[in-house]
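Working notes, beginning with the structure itself.
No value in this document is a laboratory result; all are computed from the given coordinates. It should be emphasised that the depicted structure is a prediction, and the values quoted were computed from it without experimental measurement. When we count neighbours, we look across all protein chains shown, and the Cβ atoms used for this are built from the backbone with ideal geometry, even at glycine.
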Amino acid sequence: MSAETLRSLETGRRQLTVEKFRVIKAKFGYQIENSDNPLRMTIDYLRITFKSIRNLDEFVRDFLFVGLKEFQGFQTGLLNYNQLLRRGDIWLFNYANAKEMNNYQLTLQLSGAGCRQMELIFENVGCDWRLFLSRLSERYSDMSVTRLDIALDEMYQGYDKQANHFHLEDLIAKVYQKQVNFDRLKVWNHIGGGNLSFDDVDSANNQGISLYFGSRKSMMYFNFYEKRYELAKKDNISVEEALETYQIYNRYEIRLAQAKAQEMVNQFILGADLGDMARGLINREMQVYDGVGAYGAYIPDSKWQNLFGSAEPLKLTVIPEPYSIRRTIRWLHYQVSNSLAFVKEAEKIMNEQYLDDILNSGEITERMAKELDFLKSNYSND
């Protein structure tokens, strides 16, 4: 390209075609396409407040697609409410004495597990996140999205391809080496720890690295962390087993609050691609480089580009999952199984039936009964 052509493009006398733009990007090391993008995107947390829900039964039936009787009530002080209604990890905060207080405000809160349980409901009724949020917005003009977390999971590429993954310890080094350019983010932090024995770096006792970019008090900040270590610790398994089981290497989480969360949802309802918007937020706020080229320009980091640089759409993934009894089973397996094995052997020696006595003495609580009803409704063969 001649200097005259470059000046014409810079001053706007000539228009830059998409084809030429893609050629220029490629010359600078930016990735154009990646049909095998290793990222998977999910909605991982959602909190919406409604100013006045006078008919709670109708709200639950029309938008959560279940009956109010499936929720169990608890006293609470969270979020300044006095009542929490729970169906698994789908939570509703309201006021038990709403009529006396003349306050019918309601907050729907979905944790990561709650989002997965909603997706199971969506699957059963033919709904999705865009339709769900759109219908809520149409019915309740005063609805306010106060928190939205978007998880971008870097999927595991296989044991022999771990070198291809982006390593978060490299990102720490790049920040100190001034090879990460930030737009508006002003603060960052990192934590991590584990065994000092380098022969056991993949132990579940290692908590992995967590990086935070931005202030927790702001309307947007990023949390990048080694999800594989968290999963290994949760299940008390090795990191290798966690990778093979869950197929997640790192998680890049975007946490939005108040106006930022509301605007993202508004754009999503209007048809914008949530994955592109999420990846665009990271691209706008931080650019990661890998040294300087022959002409003194920073070279884009190829692994970072593999994750966030592609122009290919990043689709919203749903992972429908019922309220999981696996947490209880994991607790029994890792905390109680040794004691049960000991009692079983002792029974043989003493000719007793302690285990039967223990099992027969247990009772199903009201909360457990509701969770069993939930399991029946989702695992029914009818």
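Tell me the relative contact order for the chain as a rounded percent, counting alpha carbon contacts under 8 Å between residues six or more apart. Here the relative contact order equals 20 percent.
Here residue 174 is the anchor, and the aspartates and glutamates within straight C-alpha reach of less than 14 Å, apart from those fewer than 8 places off in the same chain, are 290, 301. Annotation: aspartates and glutamates with alpha-carbon distance below 17 angstrom to residue 344 (same-chain offsets under eight excluded): 352, 356, 357. Close amide H contacts of residue 299 (hydrogens built in the peptide plane, cut-off under 5 Å, sequence separation of 5 or more or a different chain): 290, 291, 292, 293. Short-range pairs are left out: with C-alpha atoms under 8 Å and at least six residues apart, the relative contact order of the stretch 48-160 is 27 percent.
In terms of the Cα gyration tensor, with a ≥ b ≥ c the square roots of its eigenvalues, is the stretch 84-128 rounded because a/c is under 1.5, prolate because a/b exceeds b/c, or oblate?
Prolate, because a/c is 1.5 or more and a/b exceeds b/c.
Of the chymotrypsin sites (Phe, Trp or Tyr not before Pro) found in the stretch 32-135, those in coil by DSSP whose Cβ has at most 15 other Cβ atoms within 10 Å are 65.
In the stretch 52-141, the convex hull through the Cα atoms has an average projected area of 5.8 nm², a quarter of its surface area. Applying the criteria of a DSSP loop state and at most 11 other Cβ atoms within 10 Å to the chymotrypsin sites (Phe, Trp or Tyr not before Pro) of the stretch 240-304 yields 295. For residue 248, the amide hydrogen comes within under 5 Å of the amide hydrogens of 156, counting only partners 5 or more places away or on other chains and with H modelled in the peptide plane. Cα centroids of the stretch 94-145 and the stretch 338-369: 42 Å apart.
Once you sort the root eigenvalues of the Cα gyration tensor of the chain as a ≥ b ≥ c, which label holds: rounded (a/c under 1.5), prolate (a/b larger than b/c) or oblate (the other case)?
Details: a/c = 2.45, a/b = 1.40, b/c = 1.75.
Because a/c hits 1.5 or more and a/b fails to exceed b/c, the chain counts as oblate.
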